[in-house]
Amino acid sequence: MITNKQTPKLLRYLSGALMLTLAQAAAAAEDATEDAPKWSNQGLLYILAPTLSGTQGVGDLELDVDIGSSDVFDAIDSGFLGMYRGEGERWGVLVDVVYMDLKGSTEDTFEAFSGDMDLEQTVAIASVTWRVNDSLQLTGGALYSDIAATLSLSGPNNDRQVKVGDDWVDPVVGVLFETPISSAWEFIGAAQVGGFGVGSDLVVVLSGAFAYRFNSWSSVSLGYRYLDFDYDDGDGADRFKFDLKEHGPSIGFRFDF
């Protein structure tokens, strides 16, 4: 039986035990928070000066496309190029979006027609990443392409204007490599390949860049980017061919948050 004289001692004991338990719980929660995987975020906005070369096909008509990098800023009406990377302890995500509206001169393979081409292109890559070690990550995901082209042709007998477009999805797999060069410089390279007949016969995306870090959250990158599409779908008048290489130097601003 607990007497009135024992009650204060009991309360002091229970209060002390409660305070000790709460302190231990707070310390454990702090340790768990410190040990929990941290999610990092990185954004990149960049400018690309690509050379476009290849063949654009509509029905039975195929046109050679050749737009040099020196002409790209005259040819571009609008564009957006950006990338997002998010990463935890091992797993992460990578999203890369390229949108360009370009105008350029064309010539068909038989040199019977000449004219202009308006090419609107959207390429979006969404990948899951898995870190192998400090320098290497494996990637796997999907590449979405949306092409809308208007061909205005002048020939010996008549003029023609053809509007055509298509969109498709390609599976892609690849690697992402990054390594520090010094306290401020680092190199980032990526290679992805896909298609495999699902959408394109083959699609290749290669990039490499040197990044200079100004502080803990901002850096500038100078690099080169290469995209190669080999897509041919449909028959007769519904045939659409997009066999195009896009490559050129890039400059971008990267920020971590």
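What the table below lists for this structure:
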{"item": "Ranking of VAL65, VAL203 by count of other Cβ atoms within 10 Å, fewest first", "result": "VAL65, VAL203"}
{"item": "Two-decimal ratio, the range 40-103, of alpha-carbon radius of gyration to 2.2 N^0.38 Å", "result": "1.55"}
{"item": "Linear extension gain, ALA126 paired with LEU222, 0.36 nm per residue minus alpha-carbon span", "result": "32.3 nm"}
{"item": "Ranked GLU87, GLU178, criterion: other C-beta atoms within 10 Å, fewest first", "result": "GLU178, GLU87"}
{"item": "Average projection area in nm² (convex hull over Cα atoms of the range 37-256, one quarter of hull surface)", "result": "12.6"}
{"item": "ALA142-LYS163 FRET efficiency (beta carbon distance; Förster radius 22 Å; 0.05 resolution)", "result": "0.25"}
{"item": "Order of LYS103, LYS38 - criterion: other Cβ atoms within 10 Å of each residue's Cβ, fewest first", "result": "LYS38, LYS103"}
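No value in this document is a laboratory result; all are computed from the given coordinates. Predicted model only: the values in this text are computed from it and were never measured. As a convention, Cβ positions derive from the backbone with ideal geometry for all residues, glycine included, and neighbour counts pool all protein chains shown.
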